[in-house]
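First up is the structure itself, then whatever we jot down about it.
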Amino acid sequence: MVKAMDYACAMTPLLAEIDAAYAAFARQENIPGLVAGIVQDGALVHVTALGVADIEAGRKVTPATVFRIASMTKSITALAILSLRDRGTLALDAPLAEYIPQFAAVAPPTRDSGPLTVRHLLTHTAGFVTDDPWGDRVLGMSPGALDALIAEGRLFARPPGLAFEYSNLGYALLGRVLTNLSGEPYQAFVRRTILEPLGMSRTTFDALAAARDDFAWGYRCDDGVFSRERVEPDGEVGAMGGLATTAGDYARYVAFLSSAWPPRDDAEAGPVRRASVREMALFHAPPFLPDPVGGRAGSASAYGYGLFDADDATLGRRLHHPGGLPGYGSHMLFLPETGVGVFAFGNRTYAPMSRITVRAAELFVAAQPKPAPAPPSPWLKRAVDAVVAAYAAGRIETAEAVFAENLLLDTPAPLRNAELVRLKQQLGEGRLGSIEPTHALAGRFVMACNRGWLRGTIILSPEAEPGIQKLTLAAEMR
């Protein structure tokens, strides 16, 4: 208890700095109201709530205020699709026409086009045109109108599978897949499968119903004058961006996503298995450089299933997604390597929330104690110790018991020994400093030497007794 209180006291100045950063951002971007949260190790540890949810009435934003989160809905839709895949109800690479029969009559863009699949929809590689402005205004589309669009629309801008192009229509069609395969409206299926098991009781597709409670009305700002945007109703395409939620509810979802890392032997807690959550984050569509959402020069990003996966020079691996609707802007991110998540909702049209969530994450992570490094596997430790002994002896044969069959065939012992002599002449005697595992069968190590450092990389073989299949050594002088 004392340690927890000490930690809370130490965090108070940092959290005040984060609150101040959000307030400055809201002023700069003319956002009437904002709510943001920080999740750490499965718990909501801080909420920022500022400004007004209703300009006309002067009603303030509270931590319980409901905001629309727009395209942040997409990862939840993707999870629902994967839950059906995990049950064996659908196959991601089956033709979409198997799950939406109307698509059997849709002409492909070219005669040699491959079939459109569920995976294409998940990854925005269906060949549809990007449609943010249009898609945002048709959330209330009726089932009949979607049927007509499938039958009569000019759906394809190019053949499926050629390139990434962000498509709300693609995720709207995933909603139809959920409806057809579950036998109930996709909204009910998502609520029963994802929202209720996570305790997200105030999360809904029905914004009109949510507006009867503590709701953030959406606004636009033209020449400094605010006006209220119309509330887009729930409808047939809301699987692409229709959800509304609170900070407390959404924190439960971010905590669930984060809990999928690291892979482990623990029992599954659901509602979707951890391996499927991790699958959402893989690079399934072509990468971008720089990251187009909250990124900086040199940070790459690619799309998975409802999530962007970014390689962030400051934060490490950053999984994230923005959202925007008339009246709203939002962004979420979480860092699977540290268990930290940050999200923010604002009630101004297309408010660029990723600009502040990334900054808040940087401030928060920088103040955390550095996690203890993962220990090396017994095989990696054995291999490193053998190489250290070989360096001390000046003879690679000293470590031969831990070599895979190929190592001395690829680079014979005399050449390896000459390398050890040269390195030792440069660096002098040394001792093992650290081992940094990449995973159980690979890693890097550093030896501290008299005149510098010996840096090594080891990759082990996939045998019952893994041996060194690749060994690189390099000198770094003081």
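Read the figures in this text as sums done on the coordinates, not as results from a lab. What you see is a predicted model, and the numbers here were worked out from it, not measured in a lab. Counting neighbours? That spans all protein chains shown, and the Cβs are built from the backbone with ideal geometry, glycine included.
The table below lists the values:
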read-out: Over segment 378-477, volume per residue of the alpha carbon convex hull, in Å³; value: 78
read-out: Efficiency of FRET from Cβ geometry, Ala367 and Ala401, R₀ 41 Å, rounded to 0.05; value: 0.35
read-out: Net charge contributed by nearby residues that have their C-beta within less than 10 Å of Val129 (K/R +1, D/E -1); value: 0
read-out: Rg/Rh for segment 331-427, where both radii come from Cα atoms and Rh is the Kirkwood radius; value: 1.34
read-out: The chain: DSSP helices with Cα axial extent of at least 30 Å and average Kyte-Doolittle hydropathy no lower than -1.0; value: 2-28
read-out: Rh by Kirkwood over Cα pairs, then Stokes-Einstein D for the chain at 1.306 mPa s and 10 °C, µm²/s; value: 64
read-out: For a label point 7 Å along the Cα-to-beta-carbon line of Leu162, residues of segment 107-142 with backbone N under 12 Å; value: 109-114, 126-129
read-out: Protection proxy ranking, peptides 73-85, 368-380, average beta carbon neighbours within 10 Å, highest first; value: 73-85, 368-380
read-out: Residue exposure sequence - Tyr166, Tyr253 - by fewest surrounding Cβ within 10 Å; value: Tyr166, Tyr253
read-out: Residues Ala105 and Ala24, FRET efficiency given R0 of 56 Å [Cβ-Cβ distance, rounded to 0.05]; value: 0.55
read-out: Gained length - Glu436 relative to Lys381, 0.36 nm times residue gap less alpha-carbon distance; value: 18.8 nm
read-out: Environment charge at Phe25 (Cβ cut-off 12 Å; Lys +1, Arg +1, Asp -1, Glu -1); value: +2
read-out: Within segment 382-400, backbone nitrogen closer than 14 Å to the virtual label 7 Å beyond the Cα of Ala413 toward Cβ; value: 390, 394-400
